[in-house]
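The values are calculated or read from the model by the stated rules, or taken from the named source; none is laboratory data. Remember, predicted model here, so these are calculated numbers, not experimental data. Every residue, glycine among them, receives a Cβ derived from its backbone with ideal geometry; neighbour counts consider all protein chains shown. Note: areas computed on protein heavy atoms with side chains; ligands, DNA, RNA excluded. Shrake-Rupley method; radii C 1.70, N 1.55, O 1.52, S 1.80 Å.
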There are 2 protein chains.
Amino acid sequence: MDEVRIIEIKKSIFEDNDKDANNLRKELRHKGVFLLNLMSSPGSGKTTTLIKTINALKGDINIAVMEADIDSDVDAIKIKTATGVQSIQLHTGGMCHLDAEMTRQGLDGLDLNNTDLVILENVGNLVCPAEFDTGASKNCMILSVPEGHDKPLKYPLMFSVCDLVLINKMDVAPYFDFDIDKCKEYIHMRNPNAEVIPICAKTGDGIDKFVAWIKTNILQWKEGK
Amino acid sequence: MDEVRIIEIKKSIFEDNDKDANNLRKELRHKGVFLLNLMSSPGSGKTTTLIKTINALKGDINIAVMEADIDSDVDAIKIKTATGVQSIQLHTGGMCHLDAEMTRQGLDGLDLNNTDLVILENVGNLVCPAEFDTGASKNCMILSVPEGHDKPLKYPLMFSVCDLVLINKMDVAPYFDFDIDKCKEYIHMRNPNAEVIPICAKTGDGIDKFVAWIKTNILQWKEGK
């Protein structure tokens, strides 16, 4: 089995996370690194989605991945084995989210030369990660069909802060009472500007649209939009 | 539509939650009220499981329910409409968990005369609720099949603190790569004493076993075991 670097993240000492996040965003712009923060509930399919997406992107874009988890290194190993891109595991030691300083500790463990895109797979949690700006260029979240279409009603902040919502596990929609129109309506109640892309990471359906979204957003970001 | 009482939970001022939780447990024992703390990820089926379970239990046991959510009152209304038992909604105002003092604020909003069992549906989150003793007599969690059998590796504390793990959505197991034997093995790595009951809240399969577990545990608790 492949081995990956594991970084034990320390608790931040910075009190003003918003300020720190803005500083990190500026530093990343200076380095030409687009940081995508990917959030979701546990088990919504973040890692599988990333593997399919990275394999579709890696010919055009140099990618590195930071996998945040309370424990275990299974995700970073999976990513490295399945995609070959630079991948590290961040252990949060029980902490339920990453803030900008913790994200910086992870970035310090990566070689950012010739890296265009860093994807941060945040801790599986719909509550706390939404409260902390990581310094990311864009926020994206995955809601999976089995979780139900009412989640934007119950976890409003998460949907408010995300530029893109991927609706995953569309292949099992016939077995669940999931109303995608209601789901989109609830998402747009929280965030009228959020884009929504239905996908199935297992079969690869819709991954091309996510890939196009990433390419477009990196391009616009490079142009300073 | 039925209306339910909504309690806006305030942040605790107690510094020693473990001490406060032990005090609350003593008070509840004095009142003869068994408190069951139910935790899970968002969308694992807590409310549906509760509705089926309460309807099977309510002839024998007087039950009240506290539904904790960051926002919305859909769950408390669902419980009240579908079961008729006393049900209140706790709004956490963005907070990701309940501790003992916050649980007490909820209990103060219930009529506990002639109540044998209070079920607390905690905030949907596998991380933070595991860190705070609510004063409950027993902790129970739901892991649903679509979340994957590896969750005890990634969220160790949650599985360590639970006396019972319900594995829900067993009806869709054929559509997911879910290995129940591996799941049980991982759960018991975290907590050798945890009981595991596979259920399907939608069809009602296995709810009889959860009902029996609750009855046995209340009986043992009343006998001081």
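Laid out as a table, the results:
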| quantity | calculated |
| --- | --- |
| Hits in the stretch A:77-109 (condition: within 14 Å of chain B (Cβ to nearest Cβ) and β-branched (Val, Ile, Thr)) | A:ILE77, A:THR92 |
| Hits in the stretch B:171-210 (condition: more than 14 Å from chain A (Cβ to nearest Cβ) and free of Cβ contacts under 8 Å to residues at least 12 places away in the same chain) | B:ASP181, B:GLU185, B:HIS188, B:PRO192 |
| A:VAL196 vs. criteria touching a strand residue (DSSP E or B) at 6+ places or on another chain (Cβ under 9 Å), assigned to a strand (DSSP E or B) and surrounded by fewer than 17 Cβ atoms within 10 Å (Cβ to Cβ) | yes |
| Selection within the stretch B:152-177 - in contact with a Ser or Thr (Cβ under 8 Å, 6 or more places away or on another chain) and farther than 19 Å from A:ASP171 by Cβ | B:LEU153, B:LYS154, B:LEU166, B:ILE167, B:ASN168 |
| Out of B:ASP133, B:ASP116, sole residue that is closer than 29 Å to B:PRO156 by Cα, charged (D, E, K, R) and at pLDDT 95 or above | B:ASP133 |
| Any hit, the stretch A:157-177, residues being within 14 Å of the chain's Cα centre (by Cα), among the polar types (S, T, N, Q) and at pLDDT 95 or above | yes |
| Some residue of the stretch A:61-70 being without any contact (Cβ under 8 Å) to a residue 24 or more places away in the chain and open to solvent by 10 Å² or more (accessible area, probe 1.4 Å) | no |
| Residue match in the stretch A:56-68 (condition: within 14 Å of chain B (Cβ to nearest Cβ) and closer than 30 Å to A:PRO152 by Cα) | yes |
| Matching option when the condition is among the basic types (Lys, Arg), open to solvent by 70 Å² or more (accessible area, probe 1.4 Å) and not in a helix (DSSP H, G or I), among A:LYS215, A:LYS202, A:LYS182 | A:LYS202 |
| All positions within the stretch B:88-103 that are farther than 19 Å from B:VAL161 by Cβ, in contact (Cβ under 8 Å) with a residue 40 or more places away in the chain and open to solvent by 10 Å² or more (accessible area, probe 1.4 Å) | B:HIS91, B:GLY93 |
| Pairs, first closer than 16 Å to B:GLY45 by Cβ and facing chain A (nearest Cβ under 9 Å) in the stretch B:120-131, second open to solvent by 10 Å² or more (accessible area, probe 1.4 Å) and in a helix (DSSP H, G or I), C-beta under 6 Å, six or more apart | none |
| Selection within the stretch A:24-44 - modelled with pLDDT of 95 or more and either open to solvent by less than 20 Å² (accessible area, probe 1.4 Å) or within 12 Å of the chain's Cα centre (by Cα) (or both) | A:LEU24, A:LEU28, A:VAL33, A:PHE34, A:LEU35, A:LEU36, A:ASN37, A:LEU38, A:MET39, A:SER40, A:SER41, A:SER44 |
| In the stretch B:109-119, the residues that are over 12 Å from the mean Cα position of the chain (by Cα) and in contact (Cβ under 8 Å) with a residue 24 or more places away in the chain | B:GLY109, B:LEU110, B:ASP111, B:LEU112, B:ASN114, B:THR115, B:ASP116 |
| Pairs with Cβ under 6 Å, 6+ apart, first in the stretch A:1-22 and at negative phi, second open to solvent by less than 80 Å² (accessible area, probe 1.4 Å) and among the polar types (S, T, N, Q) | A:VAL4/A:SER87; A:VAL4/A:GLN89; A:ILE6/A:GLN89; A:ILE9/A:THR92; A:ILE9/A:GLN105 |
| Residue pairs meeting the criteria (Cβ under 9 Å; at least 6 apart or on separate chains; first facing chain B (nearest Cβ under 7 Å) and within 16 Å of B:ALA68 (Cβ to Cβ), in the stretch A:148-170; second surrounded by 23 or more Cβ atoms within 10 Å (Cβ to Cβ) and among the polar types (S, T, N, Q)) | A:LYS151/A:SER41; A:TYR155/A:SER41 |
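Condition check ((1) touching a strand residue (DSSP E or B) at 6+ places or on another chain (Cβ under 6 Å); (2) within 14 Å of another protein chain (Cβ to nearest Cβ); (3) among the charged types (D, E, K, R); (4) not in a strand (DSSP E or B)) across all residues:
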{"site": "A:GLU3", "(1), (2), (3), (4)": "no, no, yes, yes"}
{"site": "A:ILE7", "(1), (2), (3), (4)": "yes, no, no, no"}
{"site": "A:LYS19", "(1), (2), (3), (4)": "no, no, yes, yes"}
{"site": "A:ASN23", "(1), (2), (3), (4)": "no, no, no, yes"}
{"site": "A:LYS26", "(1), (2), (3), (4)": "no, no, yes, yes"}
{"site": "A:HIS30", "(1), (2), (3), (4)": "no, no, no, yes"}
{"site": "A:PRO42", "(1), (2), (3), (4)": "no, yes, no, yes"}
{"site": "A:THR48", "(1), (2), (3), (4)": "no, yes, no, yes"}
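One line per residue, one yes/no per condition, for (1) under 30 Å from A:ILE7 (Cβ atoms); (2) among the hydroxyl-bearing types (Ser, Thr, Tyr):
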| residue | (1), (2) |
| --- | --- |
| A:ASP116 | yes, no |
| A:CYS128 | yes, no |
| A:PHE132 | yes, no |
| A:MET141 | yes, no |
| A:ASP150 | no, no |
| A:ILE180 | no, no |
| A:TYR186 | no, yes |
| A:LYS209 | no, no |
| A:LYS215 | yes, no |
